[in-house]
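The values are calculated or read from the model by the stated rules, or taken from the named source; none is laboratory data. Please read these numbers as outputs of a predicted model, since none were measured by experiment. Here the Cβ positions follow ideal geometry from the backbone for every residue, glycine too, while neighbour counts run over all protein chains shown. Accessible surface areas use protein heavy atoms only, side chains included; no ligands, DNA or RNA. Shrake-Rupley method; radii C 1.70, N 1.55, O 1.52, S 1.80 Å.
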Amino acid sequence: DEKQFKIVDKYIKRMYKKFLKPTEGKVKERGFYQNADGGIPILLYASWTKNKKLAAKEINTRFKQIDKVYYKDGYINNNSFRGVRAQWYHSYGHNSALGYVYLAQLWGAEIPKKLMNKLVKASELVNLAIEDREAFLSRKFTGKYNSNVSTNPADARWHTHQDSIAVDTLMKIVTDVDMTYDPIWNSKRNTIGIDDTISFNPN
């Protein structure tokens, strides 16, 4: 009711001012992670407040970031070069980017061709990691630094990230790439209740 709405609205606006507003317009230099590095919550807030200008500003910022951290061949700065967890983090970051782009399209945004080409290649790399791990890992890191590489076999995650419960759906919707069957991912994702990487279920 109206009273409840005012309480929730006040809470949401305070949370936005404290946690989200300080991140607006900032483009990270490396990696792409949960909720599009805060981009999805900002779009949610723009939707809640019906603020199209904020949504447009946010989409422009996040597209710049995705373009910056995605290499031309689809590998993601940091994510795709995490050693024994490279496949896991590549699919994690790519799922987050695809989820964001999907939402941006719902806002009416057009995806730049250069950016879409990178997203398509990154989807193909999700498949390559499943089909030929060594080929996926053969690409050497060319960034400035990559300090969080895992090399211990005990830390290995040789499968698509299980929290990305519908990355196959997003790959098809956004990039028109069919995902190769990953039996480990398929088994693990069935135990996950929500996609924490994007906070919604694309299915």
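In segment 154-173, what residues are surrounded by fewer than 23 Cβ atoms within 10 Å (Cβ to Cβ) and part of a helix (DSSP H, G or I)?
Of everything in segment 154-173, those that are surrounded by fewer than 23 Cβ atoms within 10 Å (Cβ to Cβ) and part of a helix (DSSP H, G or I) turn out to be Ala154, Asp155, Thr169, Lys172, Ile173.
Across segment 31-62, what is the number of residues that are open to solvent by 20 Å² or more (accessible area, probe 1.4 Å), within 13 Å of the chain's Cα centre (by Cα) and not polar (S, T, N, Q)? It would help to see each step written out before you state the result.
Step one: list which residues in segment 31-62 are open to solvent by 20 Å² or more (accessible area, probe 1.4 Å), which gives 33-35, 37, 41, 44-45, 47-53, 56-57, 60.
In the following step, the residues that additionally are within 13 Å of the chain's Cα centre (by Cα) were identified as 33-35, 37, 41.
In the following step, the residues that additionally are not polar (S, T, N, Q) were identified as 33, 37, 41.
Counting residues in segment 31-62 that are open to solvent by 20 Å² or more (accessible area, probe 1.4 Å), within 13 Å of the chain's Cα centre (by Cα) and not polar (S, T, N, Q) gives 3.
Just give me the residues in segment 63-84 being surrounded by 21 or more Cβ atoms within 10 Å (Cβ to Cβ) and farther than 25 Å from Lys21 by Cβ, in sequence order.
Once the filter is applied, which keeps residues that are surrounded by 21 or more Cβ atoms within 10 Å (Cβ to Cβ) and farther than 25 Å from Lys21 by Cβ, segment 63-84 yields Tyr70, Gly74, Tyr75, Ile76, Asn77, Asn78, Asn79, Ser80, Phe81, Arg82.
For (1) outside any helix (DSSP H, G or I); (2) charged (D, E, K, R), each residue gets a yes or a no:
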site: Glu29; (1), (2): yes, yes
site: Ile40; (1), (2): no, no
site: Arg62; (1), (2): no, yes
site: Gly74; (1), (2): yes, no
site: Trp88; (1), (2): no, no
site: Ser91; (1), (2): no, no
site: Glu110; (1), (2): yes, yes
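Within segment 85-110, how many residues are surrounded by 16 or more Cβ atoms within 10 Å (Cβ to Cβ), of a type outside the set (Gly, Ala, Ser) and over 25 Å from Ser150 (Cβ atoms)?
4
Can you tell me how many residues within segment 1-27 are part of a helix (DSSP H, G or I) and open to solvent by 100 Å² or more (accessible area, probe 1.4 Å)? Quick ask: steps written out before the conclusion?
Taking segment 1-27 and keeping what is part of a helix (DSSP H, G or I), we get 2-23.
Applying the additional criterion that residues be open to solvent by 100 Å² or more (accessible area, probe 1.4 Å) yields 2-7, 10-11, 14, 17-19, 21.
Of the residues in that region, 13 qualify.
Identify the single condition in (1) crowded, with 16+ Cβ neighbours inside 10 Å; (2) part of a loop (DSSP other than H, G, I, E, B); (3) under 18 Å from the mean Cα position of the chain (by Cα) that Asp178 does not satisfy, given that it satisfies every other one.
(1)
Identify all residues within segment 186-201 that are of a type outside the set (D, E, K, R), in contact (Cβ under 8 Å) with a residue 60 or more places away in the chain and either open to solvent by 50 Å² or more (accessible area, probe 1.4 Å) or in a helix (DSSP H, G or I) (or both); write none if there are none. Show your work before the answer.
Step one: list which residues in segment 186-201 are of a type outside the set (D, E, K, R), which gives 186-187, 190-194, 197-201.
From the residues that got through so far, the ones that are in contact (Cβ under 8 Å) with a residue 60 or more places away in the chain too are 197-200.
Within segment 186-201, Ser199 is the sole residue that qualifies.
Taking Leu103 as the residue in question, decide whether it is closer than 24 Å to Leu170 by Cα and within 15 Å of the chain's Cα centre (by Cα).
Taking the combined requirement at face value, the residue satisfies it.
Under 7 Å by Cβ, and 6 or more places apart or on different chains, what pairs join a residue from segment 14-33 that is over 17 Å from Gly74 (Cα atoms) with one that is of a type in the set (S, T, N, Q) and open to solvent by less than 50 Å² (accessible area, probe 1.4 Å)?
Gly25/Thr61; Val27/Thr61; Val27/Gln65; Lys28/Gln65
Any residue that is acidic (Asp, Glu), open to solvent by 40 Å² or more (accessible area, probe 1.4 Å) and modelled with pLDDT of 95 or more - is there at least one of those in segment 116-127?
Looking through segment 116-127, at least one residue is acidic (Asp, Glu), open to solvent by 40 Å² or more (accessible area, probe 1.4 Å) and modelled with pLDDT of 95 or more.
If Ala135 satisfies every condition in (1) surrounded by fewer than 21 Cβ atoms within 10 Å (Cβ to Cβ); (2) part of a helix (DSSP H, G or I); (3) in contact (Cβ under 8 Å) with a residue 60 or more places away in the chain but one, which is the exception?
With respect to (1) surrounded by fewer than 21 Cβ atoms within 10 Å (Cβ to Cβ); (2) part of a helix (DSSP H, G or I); (3) in contact (Cβ under 8 Å) with a residue 60 or more places away in the chain, Ala135 is out only on (3).
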